[in-house]
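Just below is one structure, and these are the notes that go with it.
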Ligand code: T1G
């Protein structure tokens, strides 16, 4: 017995067609049929003079049902639903609450009028799935809001709020009270009028320079993706062709994208990110409630973490033992919040609320009342154990104690306390208020509700969480170490830092390994006292080449801080190679790429084999959200499967590597 996805009632001449497909009213085949049948029924019923389309639950339609993708399409198609609604001879009013996204907004735009509840969001985020609207969205939207606004909404994929939607003409009314009642009254007011059909309007053309300027402005964001140029072409068609032809053109472009590898990869990413937050054995485990958080360490990480927490509405006490460091950290927090006000991301009132929830202290005992402490101090075990020992004495029973450690043994940190069950790793990525990834490190004794608390916190601060077992470097940094080893070995063997960076950037990373190294600083963990010149990094540091901040590292930096090849750095590397007795040779770009990708994929397989990572897709989520892996390729493990595991193993053997059993069995 299939569950009813729609209900129907008539309120004094106005039919209310309520769809109900939890959790987000994805537009499944059943929903599409219910919509077509409902509109036909209303059209045929003389007792009905107008129709309201609404959704039950927490949101309006959140888009096409992504689980139907990659399978044979089931009629009625969404285009047929959109056309049937707009062709209805009686006024159809969309009653929107929560999210009207993708096909959901396309259904709303097919309706003759739109009423939205306060707090509602309307968007066409298909571009984030390497796709584009496929049910007249690129034809309706420019007719409603103009080409320039349509370009932003469709090609950037970010939703607009209810008030903005009303201001730009996307909706007719923001409901002051009950949404459905308001929509019914609005519909009643339209009875007897010829329904206003958006497709009868003209999408006003704009100069070609508008398209060019838009594409140029967002070139970095669009790089590598096929969808943005396709979206721009489809929006342009709305201004050049009659609706039916424009819709046909849109459909052709859409189907090509939908069948393409990039959409399949991005759907993998969509579900992988949601899967990563699901940990077997946590069903029904209640997270502890977190309102007040103590952050220990006011450096780059600590202040970034404080900003992420404050921005999500948590109270934060930032502790630092050094007065000047605390001042610098607090200033960084306040400046960032103020910057968000200037950029319009944050209202003044909201910023004042956030800043009133922010305090600082030089006394670790001031954290006693916090529900959670996040330590982001120096990356040495001695420092962390001392802090956790004191937190153990200071924090109230039941508080969660977390470390932001990037590499160190969480169990050893927990051993410094009498409550290892309350200890968990929260590994943020710098800048912590920007990067989406949060590695949640599960210690041997971490309690299930503490793990559930970490996952709930991640969702609350809009991070993508991946659970890692407790092993050196966890998931991302352990694989990064392999890539770094290969990259540095290649420049010793004869590749240039420029070649290695170019190859990885051509593959789709925003920045190659050596530019990243220079940016982070080559002297992380290095000291002149202990340096032995046994690696090229030590040799570069000894020559004062500490990275971009020193104006020179693997590269030299020009007056605009742009990296340029450095004869001195390359001479240091050549001398290092000679001292190591390594002959120099030319490496092909293919060899460089194979060595940058496959050894770290093999390490990912080992992480799976050791149970440090739960799923191959979790590893993809780590690299997509923490290290800039090009999303349209799905992540390292997904990409390896696309190339073929047997082929990856063959290439590793050609490189002289012995692929792990874990990789072979993937
Ligand atoms: N299809 C199928 N399942 C979906 C879904 C969708 N569109 N959206 C969400 N889910 C599932 C999700 O997997 C999770 O399942 C549960 O719902 C809660 O989601 C033709 C072609 C709406 C903002 O891209 O952005 O329309 O893990 O954890 O944080 O032109 O979901 O519980 O089993 O994300 O409150 C365009 C995608 C599709 C919107 C809610 N639409 N969804 O966020 O919950 S393409 C989108 C979201 C399209 C047309 C084109 C978010 C959300 P489970 P959640 P949330």
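The values are calculated or read from the model by the stated rules, or taken from the named source; none is laboratory data. Note that this is a predicted model, so its numbers are computed, not measured. Positions of Cβ are backbone-derived with ideal geometry, glycine not excepted, and every protein chain shown enters the neighbour counts.
Taking segment 115-128 as the range and being within 16 Å of the ligand (Cβ to nearest atom) and touching a residue at least 40 places away in the same chain (Cβ under 8 Å) as the test, the residues that pass are 116, 117, 119, 120, 121, 122, 125, 126, 127, 128.
Does residue 224 count as surrounded by fewer than 19 Cβ atoms within 10 Å (Cβ to Cβ), touching a residue at least 60 places away in the same chain (Cβ under 8 Å), on the phi > 0 side of the Ramachandran plot and not assigned by TED's automatic domain parsing to the domain that holds residue 506? Yes.
A single entry from 148, 163, 126, 152 fulfils the requirement of being crowded, with 22+ Cβ neighbours inside 10 Å and outside any loop (DSSP other than H, G, I, E, B): 126. When segment 22-50 is filtered for residues that are within 19 Å of residue 88 (Cα to Cα), out of contact with any helix residue (DSSP H, G or I) (no Cβ under 6 Å at 6 or more places or on another chain) and in a loop (DSSP other than H, G, I, E, B), the ones remaining, listed by number, are 45, 46, 47, 49.
If you go through segment 261-320 one residue at a time, how many are within 16 Å of the ligand (Cβ to nearest atom), touching a residue at least 12 places away in the same chain (Cβ under 8 Å) and assigned to a helix (DSSP H, G or I)? Of the residues in that region, 14 qualify.
Residue 108 falls short on exactly one of the conditions (1) out of contact with any helix residue (DSSP H, G or I) (no Cβ under 7 Å at 6 or more places or on another chain); (2) within 11 Å of the ligand (Cβ to nearest atom); (3) not in a loop (DSSP other than H, G, I, E, B), and that condition is (2).
Does at least one position in segment 11-21 carry a residue that is surrounded by fewer than 21 Cβ atoms within 10 Å (Cβ to Cβ), within 16 Å of the ligand (Cβ to nearest atom) and outside any strand (DSSP E or B)? Within segment 11-21, one or more residues are surrounded by fewer than 21 Cβ atoms within 10 Å (Cβ to Cβ), within 16 Å of the ligand (Cβ to nearest atom) and outside any strand (DSSP E or B). Residue check: residue 88 meets all listed conditions (1) surrounded by 24 or more Cβ atoms within 10 Å (Cβ to Cβ); (2) within 22 Å of residue 42 (Cα to Cα) but one, namely (1).
For segment 393-407, the set of residues classified as free of Cβ contacts under 8 Å to residues at least 60 places away in the same chain and under 28 Å from residue 525 (Cα atoms) consists of 401, 402, 403, 405, listed by residue number. Among the residues of segment 472-494, those that are within 25 Å of the chain's Cα centre (by Cα) and surrounded by 17 or more Cβ atoms within 10 Å (Cβ to Cβ) comprise 473, 474, 475, 476, 477, 478, 479, 480, 482, 483, 484.
Listed here are the residues, each with its yes/no results for (1) surrounded by 17 or more Cβ atoms within 10 Å (Cβ to Cβ); (2) in contact with a strand residue (DSSP E or B) (Cβ under 7 Å, 6 or more places away or on another chain); (3) assigned by TED's automatic domain parsing to the domain that holds residue 373; (4) under 23 Å from residue 463 (Cβ atoms).
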| position | (1), (2), (3), (4) |
| --- | --- |
| 311 | yes, no, yes, yes |
| 328 | no, no, yes, no |
| 336 | yes, no, yes, yes |
| 339 | no, no, yes, yes |
| 351 | yes, no, yes, yes |
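Tell me which residues, restricted to segment 129-145, are more than 23 Å from the chain's Cα centre (by Cα), buried (at least 23 other Cβ atoms within 10 Å of the Cβ) and more than 8 Å from the ligand (Cβ to nearest atom). Of everything in segment 129-145, those that are more than 23 Å from the chain's Cα centre (by Cα), buried (at least 23 other Cβ atoms within 10 Å of the Cβ) and more than 8 Å from the ligand (Cβ to nearest atom) turn out to be 136, 138, 139, 140, 141, 142, 143. Considering segment 38-55, and only residues there that are in contact (Cβ under 8 Å) with a residue 24 or more places away in the chain and surrounded by fewer than 16 Cβ atoms within 10 Å (Cβ to Cβ), the residue that is nearest to the ligand (Cβ to nearest atom) turns out to be 40.
State yes or no: is residue 76 away from the ligand (no atom under 15 Å from the Cβ), closer than 23 Å to residue 251 by Cα and in a loop (DSSP other than H, G, I, E, B)? No; evaluated as a whole, the condition is false for this residue. Residues in segment 321-331 that are over 18 Å from residue 293 (Cα atoms) and assigned to a helix (DSSP H, G or I): 323, 324, 325, 327, 328, 331.
The residue that is surrounded by the most Cβ atoms within 10 Å (Cβ to Cβ), counting only those in segment 91-105 that are within 13 Å of the ligand (Cβ to nearest atom) and in a loop (DSSP other than H, G, I, E, B), is 102. The residue pairs whose first member lies in segment 447-466 and is closer than 14 Å to residue 309 by Cα, whose second member is more than 15 Å from the ligand (Cβ to nearest atom) and part of a helix (DSSP H, G or I), and whose beta carbons are closer than 6 Å, counting only pairs six or more residues apart or on different chains, are 461/308. The number of residues in segment 377-392 that are part of a helix (DSSP H, G or I) and touching a residue at least 24 places away in the same chain (Cβ under 8 Å) comes to 10.
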